[in-house]
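Single-structure report; data block below.
The values are calculated or read from the model by the stated rules, or taken from the named source; none is laboratory data. The model shown is predicted, which means the values in this text are computed figures rather than measured ones. Positions of Cβ are backbone-derived with ideal geometry, glycine not excepted, and every protein chain shown enters the neighbour counts.
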């Protein structure tokens, strides 16, 4: 059984108690391969994504301490110079007027084999899209854009913040090289103009909506309600994180992969 399959079985709590299953998984992975080197970089935002990464001990503790090596991170590792990394999780949008942030992002792209837009601010700009100067500390900081506007991004984990479950599954899939499992995250690497209205234009208007309500349940600002079986957007609450569209089961249809699996 592959590393990813075993992690999936563990996260699904299919067989053994949590602690016993996880201890066995850690031992097997340690025997099979060296730990991937993971880095965390914070640009602009509220640091909510790293809190989701580091404070959900019940799900992520063993993954972060035994399956990977955290080699860089302003709040996680006492290290000033950026090392080579297998995967860099970049949180927050990049401010075009902040020379340090722009330089750091460019360095991340050079040092990391894979760059992941970690959270909706990095992936789509999220609420920082509304920032146009006037902050008391730095009024000259006025233009915040998704990191994909400046560097090549390999995948994205949306969410404000992302759930610990999707963080664990995505990191394991990345380090295991399971590209089929990761395809939705890979497709999101260029999805930088998110809005709740995507549901209307790309799902409802295309007669794809099944009225399941997943989008409304996924919305972290309660900007969506279900009305007559269809999502209704409160634009004043929408922070343009993209989670509603990403979570919609009709927004991503892997036709090529389905045909491949069926042998067509």
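For residue 166, only one of the following conditions fails: (1) in contact (Cβ under 8 Å) with a residue 24 or more places away in the chain; (2) closer than 19 Å to residue 246 by Cα. What is its number?
It is condition (1) that residue 166 fails.
Anything in the stretch 185-211 that is out of contact with any strand residue (DSSP E or B) (no Cβ under 9 Å at 6 or more places or on another chain) and more than 22 Å from residue 127 (Cβ to Cβ)? List them, or say none.
205, 206, 207, 208, 210
How many of the residues making up the stretch 78-104 are surrounded by fewer than 21 Cβ atoms within 10 Å (Cβ to Cβ) and touching a helix residue (DSSP H, G or I) at 6+ places or on another chain (Cβ under 8 Å)?
Initial filter on the stretch 78-104 (surrounded by fewer than 21 Cβ atoms within 10 Å (Cβ to Cβ)): 78-84, 86, 96-100, 102-104.
Narrowing the set further to residues that are touching a helix residue (DSSP H, G or I) at 6+ places or on another chain (Cβ under 8 Å) leaves 82-84, 86, 96.
Total satisfying the criteria: 5.
Would you mind finding the one in 168, 148 that is closer than 14 Å to residue 93 by Cα, in contact with a helix residue (DSSP H, G or I) (Cβ under 7 Å, 6 or more places away or on another chain) and surrounded by 15 or more Cβ atoms within 10 Å (Cβ to Cβ)?
Testing whether each residue is closer than 14 Å to residue 93 by Cα, in contact with a helix residue (DSSP H, G or I) (Cβ under 7 Å, 6 or more places away or on another chain) and surrounded by 15 or more Cβ atoms within 10 Å (Cβ to Cβ) leaves just 148.
In this structure, is residue 102 at pLDDT 90 or above and part of a strand (DSSP E or B)?
Here the answer is no, as residue 102 does not meet what is asked.
Select the helices (runs of 4 or more DSSP H) contained entirely in the stretch 155-264, then report the ones holding at least 2 residues which are not assigned by TED's automatic domain parsing to the domain that holds residue 123.
Output list reads 214-218, 243-247, 255-262.
Testing residue 178 on (1) under 30 Å from residue 113 (Cα atoms); (2) surrounded by fewer than 15 Cβ atoms within 10 Å (Cβ to Cβ), one condition comes back false. Which one is that?
The one condition residue 178 does not meet is (2).
Among the residues of the stretch 113-138, write down those that are modelled with pLDDT under 70 and over 14 Å from residue 44 (Cα atoms).
Matches in the stretch 113-138: 134, 136.
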